[in-house]
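What follows is one structure encoded as structure tokens, with my remarks underneath.
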Amino acid sequence: MQCYRGNTRVFWLESLNQENGRTTIMLHSNGHSKSLLPAPFSCRSKVHEYGGGSYCVFENHLYFVAADDQRVYQVDIEQATPKVEAVTPLSTLRFADLITDSTGKRIIAVAEDHKNFNKPENFLVCIPIKKSAAQHQSPRKSDLSKIHTIASGEDFYAYPRLHPDGKQLCWITWRNPDMPWDKTELWLAELGDDNQLSNKKQLLKNTPRASIFQPHWSPKGELFFVSDADNWWNIYYISRHELGLQDGKAHKLTQLAAEFATPLWVFRMQTFGFLDADTLIACYTDKGRWHLAKIDLQNPELLNIQTTDYDDISAICAAQNQAVFLAANPSLSPSLAIATDKINLLIKSQINIDKKYISLPQAVSFPTSENDTAHAFYYPPTNAEAEFSA
């Protein structure tokens, strides 16, 4: 289950066991939840095979990737009976990491072409969208020419993200044989109304080999991201002034011997967001347990939020002084939580297991090679119907 927040609405993916695992997109608004995808539509991207970032929302329009044919479709979520309409034609293209621009006239996404089955190609694209039924016609194969490639040539792409003013686009790339947790590059360019990139440049070009995770624009137009340049995944940022320089430097926001990121298995993984222009909320893992923290950007001091009930936190999204995220612990399956002054469960997982059968982990540490320390969890045997002895 994934989620992100927009205005007073919360959206997430939910697998429907009663429908053979069909994945729908859920909306929670004004105290009520509903599914936005009529059967048989199921939402899933297959880019990089693992997918992720398979939908986005602009105002009352939902755009999503269909699991069966990998086309992008649109739905007006205000309609009493949702009508699903295709945005892209049937082709060998797959799409992921979808976002819309500030006008809602185009989708920016990672695309993957499987025309050559043995060597699929990755690139960034702009997809024009039409929101009114009067404008809409079922796309034909010839409409592929209207999907504009804006960046290509690298093996892999992720995190296309627009500056708040809609004029600059950042993204990350990486090349074989590297994995995204080995080495990635951060790029920046100006995006015109003609779907062309200009003034393209690699940021942090002189930084040692590092993995950059989740570039994310602040409300003030500063570029935040996570990097393991110091061997730990900490949060950094590049100021607006430094972004304008050829060799702009990054400033370190956090300095913990902990991880503010996780291996990039799927698109749109998020470990931090902005509650407001001056406050960042993030999750980090220390010795295998996840914690939630707020950071005052005017006085960068890490402030932990009490999260004793949850030690697995992910998929953070924030806006308007609230954050939503996935929360779990050994006896609670991943559930949707919301944090304001305190943390409450918004949507609780429907998987219920008697706690008498759940083994609660015990954190252990032990010395390993090169005078280092390894951390692990020990799960003692637990069964209400059996006895165990040492």
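Things to note:
- Within region 65-88, being touching a Cys at 6+ places or on another chain (Cβ under 8 Å) and touching a residue at least 40 places away in the same chain (Cβ under 8 Å) holds for one residue alone: Ala67.
- Condition met for Gln298 (of a type outside the set (Asp, Glu) and touching a strand residue (DSSP E or B) at 6+ places or on another chain (Cβ under 8 Å)): no
- Among residues of region 151-191, those that are closer than 12 Å to Ile108 by Cα and assigned to a loop (DSSP other than H, G, I, E, B), counted: 1
- Selection from region 248-280 of residues that are among the aliphatic types (A, V, I, L, M) and over 18 Å from Asp230 (Cβ atoms): Leu264, Val266, Met269, Leu275, Ala277, Leu280
- Leading residue by the ranking (farthest from Ile235 (Cα to Cα)) among those in region 250-303 that are in a strand (DSSP E or B) and of a type in the set (Phe, Trp, Tyr): Phe267
- Unique match (being assigned to a strand (DSSP E or B), touching a Cys at 6+ places or on another chain (Cβ under 9 Å) and open to solvent by 10 Å² or more (accessible area, probe 1.4 Å)) among Ile108, Ile99: Ile99
- Test: residue in region 130-148 that is surrounded by 18 or more Cβ atoms within 10 Å (Cβ to Cβ), assigned to a strand (DSSP E or B) and modelled with pLDDT of 95 or more: no
- In region 306-340, of all residues being β-branched (Val, Ile, Thr) and farther than 22 Å from Gln214 by Cα, the one that is least open to solvent (accessible area, probe 1.4 Å) corresponds to Thr307.
- Of the residues making up region 331-390, those that are over 28 Å from Gln320 (Cβ atoms) and of a type in the set (D, E, K, R) are Asp354, Lys355, Lys356, Glu370, Asp372, Glu385, Glu387.
Residue by residue, here is whether (1) open to solvent by 40 Å² or more (accessible area, probe 1.4 Å); (2) β-branched (Val, Ile, Thr); (3) within 27 Å of Gly166 (Cα to Cα) holds:
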residue	(1), (2), (3)
Gln214	no, no, yes
Pro219	yes, no, yes
Val226	no, yes, yes
Trp233	no, no, no
Lys249	yes, no, yes
Leu256	yes, no, no
Phe267	no, no, yes
Gln270	no, no, yes
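- Scanning region 13-56 for residues that are of a type in the set (A, V, I, L, M, F, W, C), part of a loop (DSSP other than H, G, I, E, B) and either open to solvent by 60 Å² or more (accessible area, probe 1.4 Å) or farther than 19 Å from Val87 by Cβ (or both) yields a single hit, Ala39.
The values are calculated or read from the model by the stated rules, or taken from the named source; none is laboratory data. Computed from a predicted structure; not experimentally measured. Here the Cβ is made from the backbone with ideal geometry for all residues, glycine too, and neighbour counts use every protein chain on show. Each accessible area value is taken on the protein alone, full model and side chains, heavy atoms only, with ligands, DNA and RNA left out. Shrake-Rupley method; radii C 1.70, N 1.55, O 1.52, S 1.80 Å.
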